[in-house]
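The values are calculated or read from the model by the stated rules, or taken from the named source; none is laboratory data. In this text, all values refer to a predicted model and were calculated from it rather than measured experimentally. Note that each Cβ is placed from the backbone with ideal geometry, even for glycine, and that neighbours are counted across all protein chains shown.
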C-alpha cells in the first residue's frame, strides 16, 4: 500500500556530513530519512525556499520538457529499498496512457516539488528501512538507536529555513 508523504525537511548527518531528506507521512507518524547528494539537496532546498533562477536548472528543465510533450506528472513513488539504495518511479500520463520512469528518489522528489505532484512511499520501503536499521540478531544497533531518537524528537524548528 502507498502512503502519501511530504518533504518534512533537510538535515545533515553529523557523522558523514551528508544531506538527509526527511519524508514524513501526511497523516500519521511514519518518517523516512533518505541520504542524498549535495546537488540534489540544493535542488530540493531551492524549491522549498522558492528560489528562482534566471535560467532553468536541471529539474526545472525536466519539468518543462515533460509539460511541453503534453505529459502530466501524476505522482512520485519511492518504491523499493535494496542494498541500502532507494528506488523511485515517476508516473506520467500522456493522452490517457501511463508511463513509469525509473529515478533516484532525490531527483523524483525535486521534480515533484516543482510540479506540485504528490509523493508516495510504498509501506514495504518503510518496513525495509526499519529492518535495515537493525542487526542480524534483531537488536537495534547504536546507529539505529541514534537515528530513531533523532527522528522521534524532530520538530519543524530543527530544519531552520528548509522546513516545509
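Looking only at region 31-39, decide whether some residue is free of Cβ contacts under 8 Å to residues at least 60 places away in the same chain and either over 16 Å from the mean Cα position of the chain (by Cα) or in a loop (DSSP other than H, G, I, E, B) (or both).
The answer is no, given that none of the residues of region 31-39 is free of Cβ contacts under 8 Å to residues at least 60 places away in the same chain and either over 16 Å from the mean Cα position of the chain (by Cα) or in a loop (DSSP other than H, G, I, E, B) (or both).
Do we have residue 86 as free of Cβ contacts under 8 Å to residues at least 60 places away in the same chain, within 13 Å of the chain's Cα centre (by Cα) and within 25 Å of residue 1 (Cβ to Cβ) here?
yes
When region 31-51 is examined, which residues are found to be touching a strand residue (DSSP E or B) at 6+ places or on another chain (Cβ under 8 Å) and more than 18 Å from residue 88 (Cα to Cα)?
38, 45, 48
Which fully enclosed strands (runs of 3 or more DSSP E) of region 52-126 have 2 or more residues being in contact with a strand residue (DSSP E or B) (Cβ under 8 Å, 6 or more places away or on another chain) and loosely packed, with under 14 Cβ neighbours inside 10 Å?
97-103
I'd like the full set of residues that are over 28 Å from residue 123 (Cβ atoms) and either over 17 Å from the mean Cα position of the chain (by Cα) or not in a loop (DSSP other than H, G, I, E, B) (or both), limited to region 40-51.
Residues satisfying the conditions are 42, 46, 50, 51.
Examine region 32-39 for a residue that is in contact with a helix residue (DSSP H, G or I) (Cβ under 8 Å, 6 or more places away or on another chain) and surrounded by fewer than 18 Cβ atoms within 10 Å (Cβ to Cβ), and state whether such a residue exists.
Yes, some residue in region 32-39 is in contact with a helix residue (DSSP H, G or I) (Cβ under 8 Å, 6 or more places away or on another chain) and surrounded by fewer than 18 Cβ atoms within 10 Å (Cβ to Cβ).
Would you mind telling me which numbered condition in (1) surrounded by fewer than 18 Cβ atoms within 10 Å (Cβ to Cβ); (2) touching a helix residue (DSSP H, G or I) at 6+ places or on another chain (Cβ under 7 Å); (3) over 16 Å from residue 121 (Cβ atoms); (4) touching a residue at least 24 places away in the same chain (Cβ under 8 Å) residue 1 fails?
Exception for residue 1: condition (3).
Before we move on, is residue 21 out of contact with any helix residue (DSSP H, G or I) (no Cβ under 8 Å at 6 or more places or on another chain) and either crowded, with 16+ Cβ neighbours inside 10 Å or assigned to a loop (DSSP other than H, G, I, E, B) (or both)?
It is false that residue 21 is out of contact with any helix residue (DSSP H, G or I) (no Cβ under 8 Å at 6 or more places or on another chain) and either crowded, with 16+ Cβ neighbours inside 10 Å or assigned to a loop (DSSP other than H, G, I, E, B) (or both).
Against the conditions (1) crowded, with 16+ Cβ neighbours inside 10 Å; (2) modelled with pLDDT of 95 or more, where does residue 129 fall short? Just the number, please.
(2)
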